[in-house]
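Have a look at the structure below before the remarks.
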Amino acid sequence: MKRLERLESLIRDDKLWPAHNVQQALAYSSTGTLFSIGRDSKLRSVQIRSALLDATSQEAIDDTADGQESGSEAYVQPPLSGQPESLHINRSGTYAIAWGVSDEDEGRQSLSVICLIYADDIAEASPLTDPAVLDRSGLAIMQVEWHPFSDSHFAVLTSDNVFRLYHVDDLDCPEQQVELQLRGRRPLGQLHLGATNAIGFAFGSLHLWERFTVYFACEDGRIFVLTPIVPFGAVVAAAAVVELHASCNAMTDATQRSCSRAWLQRVFPIGGRPPAPPGSLATVTASAASLDDHAPAAAGPLTTLAPGGVEEDSVLDIVSSPASEGETAVNFVALRGGTAALALATSGGEVALLAVADTAQPRWVVSPPQCRMAGDVMAGGGM
């Protein structure tokens with residue numbers, strides 16, 4: 001509680017955050033830095049770790065506010081095109097994502113990747129230029145998150161039920177994308193519930209296929225799972241890949257088993273290398289590859305365990321309660337034994353913590369995967 005009070009005091013301190021820029025997006029990095037950005041495209045940062053840990057709160061706050069080396073300001077160039085609603089910092093503190101609604105058209109979204117390694121008080125930004133997102137009036141960004149396996153990849157969920165994975169060096173087109181319900185002739189990742197829409201997502205833990213899993217919370221309260229999704233170039237423990245190969249033996253469906261093995265061999269080509277023993281530090285890099293005629297599909301709804309061990313296939317009462325108007329954020333935590341738990345929080349203050357009873361495993365459908373293979377096209381096939 002004391003740390004929360006100190007953080008609140010820091011945020012409200014006029015020495016750190018000018019009073020004229022009250023509406024701003026905040027983010028806290030793993031390096032102990034609090035970042036802020038507003039409509040003026042001025043990126044402010046202050047190192048607050050020492051203040052949060054110091055027992056004499058106000059003295060530490062005063063020292064933080066007065067210290068010239070603790071805070072900094074930089075102008076984002078090119079400037080943001082609207083009021084940022086959210087700010088996200090990657091694990092290494094090298095990039096930030098600011099997104100919100102565009103000033104030029106209230107029906108369109110605005111997203112920029114900001115480099116946090118800058119000089120001369122200028123922070124270079126690269127705006128998202130994907131026409132599939134920007135040129136569709138009324139399309140909303142539901143959630144943006146950095147991928148846990150890569151400081152250069154971030155995921156975007158949009159209101160058309162499309163999950164996109166981008167690399168910071170190429171914002172014209174996603175590296176990978178999955179449609180979470182039927183769209184024309186390409187039934188990628190159909191959710192099996194025609195009227196349901198995904199409103200948030202969370203990445204899995206480091207247990208078996210969980211490491212390549214994305215969980216989706218839907219507006220009707222159901223939870224779905226999508227696996228495998230891994231950024232091209234991500235570094236993964238070789239022992240984990242060997243463990244996944246072994247887990248394929250337990251799959252009862254022959255098609256799912258063969259597709260999962262083929263995907264592992266293409267994306268993580270370990271060749272004739274001897275198996276990595278448990279605890280080995282050896283790693284393998286994910287290749288830019290996919291299956292030729294199969295794509296990962298969302299499975300569900302999952303069975304969840306509410307408090308008291310009661311089985312539920314929906315958290316409808318939490319997501320759709322009168323107090324839950326607005327966005328529903330989805331966070332993920334890993335529990336002992338590889339069990340997944342999803343924490344759902346609403347803007348109305350409702351929180352639900354549910355254990356996932358089902359084990360995440362790949363599910364494949366016959367369809368060319370949508371991956372960035374060459375040039376500016378999305379196509380199926382391995383590289």
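The values are calculated or read from the model by the stated rules, or taken from the named source; none is laboratory data. Keep in mind it's a predicted model, so treat the numbers as computed, not measured. Cβ placement follows ideal geometry from the backbone for every residue including glycine, while neighbour counts extend to all protein chains displayed. In case anyone asks, the SASA skips ligands and DNA or RNA and just uses the protein heavy atoms, side chains included. Shrake-Rupley method; radii C 1.70, N 1.55, O 1.52, S 1.80 Å.
To keep it simple, each residue is scored yes or no on (1) aromatic (F, W, Y); (2) out of contact with any strand residue (DSSP E or B) (no Cβ under 6 Å at 6 or more places or on another chain).
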site: V113; (1), (2): no, no
site: Y118; (1), (2): yes, no
site: P127; (1), (2): no, no
site: M142; (1), (2): no, no
site: S150; (1), (2): no, yes
site: A155; (1), (2): no, no
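Restricting the search to region 232-270, which residues are within 27 Å of the chain's Cα centre (by Cα) and small (G, A, S)? Matches in region 232-270: G233, A234, A237, A238, A239, A240, S247, S260, A262. Determine if region 206-216 includes at least one residue that is in a loop (DSSP other than H, G, I, E, B), in contact (Cβ under 8 Å) with a residue 60 or more places away in the chain and open to solvent by 10 Å² or more (accessible area, probe 1.4 Å). So far as region 206-216 goes, yes, one or more of its residues are in a loop (DSSP other than H, G, I, E, B), in contact (Cβ under 8 Å) with a residue 60 or more places away in the chain and open to solvent by 10 Å² or more (accessible area, probe 1.4 Å). Looking only at residues in region 127-170 that are open to solvent by less than 10 Å² (accessible area, probe 1.4 Å) and among the aromatic types (F, W, Y), the one that is farthest from L116 (Cα to Cα) is F163. Only residues that are touching a strand residue (DSSP E or B) at 6+ places or on another chain (Cβ under 8 Å) and in a helix (DSSP H, G or I) were counted across region 229-251, and they come to 2. Within the bounds of region 18-35, is there any residue that is of a type in the set (G, A, S), part of a strand (DSSP E or B), modelled with pLDDT under 90 and surrounded by 13 or more Cβ atoms within 10 Å (Cβ to Cβ)? Looking through region 18-35, at least one residue is of a type in the set (G, A, S), part of a strand (DSSP E or B), modelled with pLDDT under 90 and surrounded by 13 or more Cβ atoms within 10 Å (Cβ to Cβ). Entry remark, region 252-288: residues being at pLDDT 90 or above and open to solvent by less than 30 Å² (accessible area, probe 1.4 Å) number 8 in total. The single condition from (1) surrounded by fewer than 19 Cβ atoms within 10 Å (Cβ to Cβ); (2) within 28 Å of T304 (Cα to Cα) that R222 fails is (1).
Scanning region 349-362 for residues that are out of contact with any Cys (no Cβ under 9 Å at 6 or more places or on another chain), crowded, with 16+ Cβ neighbours inside 10 Å and not in a strand (DSSP E or B) returns E350, T359, A360, Q361.
So, in region 104-124, exactly how many residues are surrounded by fewer than 21 Cβ atoms within 10 Å (Cβ to Cβ), part of a strand (DSSP E or B) and in contact (Cβ under 8 Å) with a residue 12 or more places away in the chain? The number of residues fulfilling the criteria is 3.
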